[in-house]
Amino acid sequence: MSARLRTVLAPLVFGVLALLLWQWLVTARDIQPYVLPSPSAIWEQFTGSLDIIRDAAITTAKNALLGLVIGTFFGVVWAALAAAIRPVEQMAAPLVVALSVIPIVALAPVLYAMFGAAAQTGRVLVAAIAAFVPVYVNSLRGLRTVAPLHRDLMRSYAATGWQATRAVTLPGAVPFIFTGIRIASSVAVISALIAEYFGGPLDGLGISITSAVSSSRYSLAWAFVLGSVIIGLLFYCVTYALEALVTRHRA
């Protein structure tokens, strides 16, 4: 069996075994749905409410995607400025630390008050702020990681600053940048989802989970959670495939 096949089969087998164990525990121990619904009940609700889950998932995915794009853009641009101008990095460090620890539960209501509870702007900004931090940190690290040998080689060729950046700095930073984007993709989905719990329009997966739980429809709530998991996996897989495509020429 090839290593690639084992890489694919191992998590699939583990996932199937985990689901079977979950189903057996719920059935054998007669666990109540409000504690933990069975996988079969969740799947039944998921397939039966597919249209509702799809519409809510699209809303959450749009907010997460916009936030990811905005956070990535500003993260890369600000990292480039910080790498080129040392005072910019020193001024940005406290701000980045503050953004990395700011709680969504406190930020989301403030943004809803600023931009209106009927708009998706607050949710997008929450996702953008969450995505900004990992992209900035990884991009800055990549832009700072230049082997002295390569730097000296460009100097010996009398290369200009832009030529050295284009030939050495940027290619070396690309893997770091995409690592940050891959991390930010999952964080953006989680942040957009959590922001939906604290106000805003009555759509999206977060508010749907809350509504299902409040009406004691626990299997449906878990079905919405399954929709959230699918979105997170989709974002991660797309960014991973994009990274593999861009860096395919690298060893």
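Assorted remarks:
- Filtered by the rule that a residue be open to solvent by 40 Å² or more (accessible area, probe 1.4 Å) and of a type in the set (Phe, Trp, Tyr), the range 97-120 gives a lone residue, Phe115.
For (1) under 22 Å from Ser214 (Cβ atoms); (2) polar (S, T, N, Q), each residue gets a yes or a no:
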{"position": "Val16", "(1), (2)": "no, no"}
{"position": "Gly48", "(1), (2)": "yes, no"}
{"position": "Leu68", "(1), (2)": "no, no"}
{"position": "Thr72", "(1), (2)": "no, yes"}
{"position": "Glu89", "(1), (2)": "no, no"}
{"position": "Val105", "(1), (2)": "yes, no"}
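- Taking each residue of the range 10-22 that is within 13 Å of Ser38 (Cβ to Cβ) and looking for partners that are modelled with pLDDT of 90 or more and surrounded by 10 or more Cβ atoms within 10 Å (Cβ to Cβ) with beta-carbon atoms closer than 7 Å, six or more apart or interchain, yields Leu19/Pro39; Trp22/Pro39.
- Applying the criterion of being more than 18 Å from the chain's Cα centre (by Cα) and of a type in the set (Gly, Ala, Ser) to the residues of the range 165-183, the residue that is modelled with the highest pLDDT is Ala173.
- Qualifying residue in the range 208-221 (condition: surrounded by 20 or more Cβ atoms within 10 Å (Cβ to Cβ), of a type in the set (A, V, I, L, M, F, W, C) and touching a residue at least 60 places away in the same chain (Cβ under 8 Å)): yes
- Flag if Pro37 is in contact (Cβ under 8 Å) with a residue 60 or more places away in the chain, over 26 Å from Ala127 (Cα atoms) and open to solvent by less than 70 Å² (accessible area, probe 1.4 Å): yes
- Considering the range 196-205, the residues that are at pLDDT below 90 and either crowded, with 24+ Cβ neighbours inside 10 Å or under 18 Å from the mean Cα position of the chain (by Cα) (or both) include one that is farthest from Val105 (Cα to Cα), namely Gly204.
- Members of the range 55-87 found to be over 22 Å from Thr179 (Cβ atoms) and without any contact (Cβ under 8 Å) to a residue 40 or more places away in the chain, listed by number: Ile58, Ile85, Arg86, Pro87
- Residues satisfying the stated conditions in the range 10-38, i.e. within 28 Å of the chain's Cα centre (by Cα), outside any loop (DSSP other than H, G, I, E, B) and at pLDDT 85 or above: Leu12, Val13, Phe14, Gly15, Val16, Leu17, Ala18, Leu19, Trp22
- Candidates Ser186, Ser156, Ser191: the one that is open to solvent by 30 Å² or more (accessible area, probe 1.4 Å), modelled with pLDDT of 80 or more and among the small types (Gly, Ala, Ser) is Ser186.
The values are calculated or read from the model by the stated rules, or taken from the named source; none is laboratory data. If you're wondering where the values come from, they're calculated on a predicted model, not measured in any experiment. Cβ coordinates were reconstructed from backbone atoms using ideal geometry, including for glycine residues, and neighbour counts include every protein chain displayed. Surface accessibility is based on the protein's heavy atoms, side chains included, excluding ligands, DNA and RNA. Shrake-Rupley method; radii C 1.70, N 1.55, O 1.52, S 1.80 Å.
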